[in-house]
Amino acid sequence: MAIAADKVADAKKVHVQNDLPFDILSDPDANVIETYGLLFREPFRKINIALPANVLIDSSGTVVWKRVSDAVQDRVDPAELERVIRETLDS
């Protein structure tokens with residue numbers, strides 16, 4: 001699942017245009033984004049956006065791994081994410 005500070009219509013457009021295999025939670029008030037500590041207040045355009053992050057949550061709802069980018073342009077290495085998922089599933 002992805003979480004975006006976009007309006008529902010904008011999130012849906014991104015989902016359809018990119019044929020994403022996961023849902024996008026539209027969070028225009030940034031309540032969920034802020035709860036997870038991912039809110040970035042963009043100073044120049046004066047908007048709230050979500051920092052790129054990967055959060056692995058187990059079946060009980062516990063966050064077992066979290067990586068939050070320091071910058072909007074920073075993304076996790078897919079190999080690192082795959083390693084973390086495999087290690088978590090094996091434990």
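Read-outs: derived from the displayed coordinates by stated rules, not from any lab. Source: prediction; values computed, not measured. Note that we place each Cβ from the backbone using ideal geometry, even for glycine, and neighbour counts take in every protein chain shown.
Inspect all residues belonging to segment 47-68 and state whether any of them is among the charged types (D, E, K, R) and either surrounded by fewer than 10 Cβ atoms within 10 Å (Cβ to Cβ) or under 20 Å from P28 (Cα atoms) (or both).
no
State which residue pairs qualify: first residue part of a loop (DSSP other than H, G, I, E, B) and inside segment 64-91, second residue of a type in the set (K, R) in any location, beta carbons under 7 Å apart, and separation of 6 or more residues or different chains.
Filtered contacts from segment 64-91: S69/R75; V76/R67.
Could you tell me which residue of segment 35-52 is nearest to the chain's Cα centre (by Cα), considering only residues that are closer than 11 Å to A4 by Cα and either in a helix (DSSP H, G or I) or without any contact (Cβ under 8 Å) to a residue 40 or more places away in the chain (or both)? Spell out the reasoning first.
To start, the set of residues in segment 35-52 that are closer than 11 Å to A4 by Cα comprises 38-39, 48-52.
Right, trim to either in a helix (DSSP H, G or I) or without any contact (Cβ under 8 Å) to a residue 40 or more places away in the chain (or both) and you get 38-39, 51-52.
On the way: L38: 8, L39: 11, L51: 7, P52: 6 Å.
Within segment 35-52, the match that is nearest to the chain's Cα centre (by Cα) is P52.
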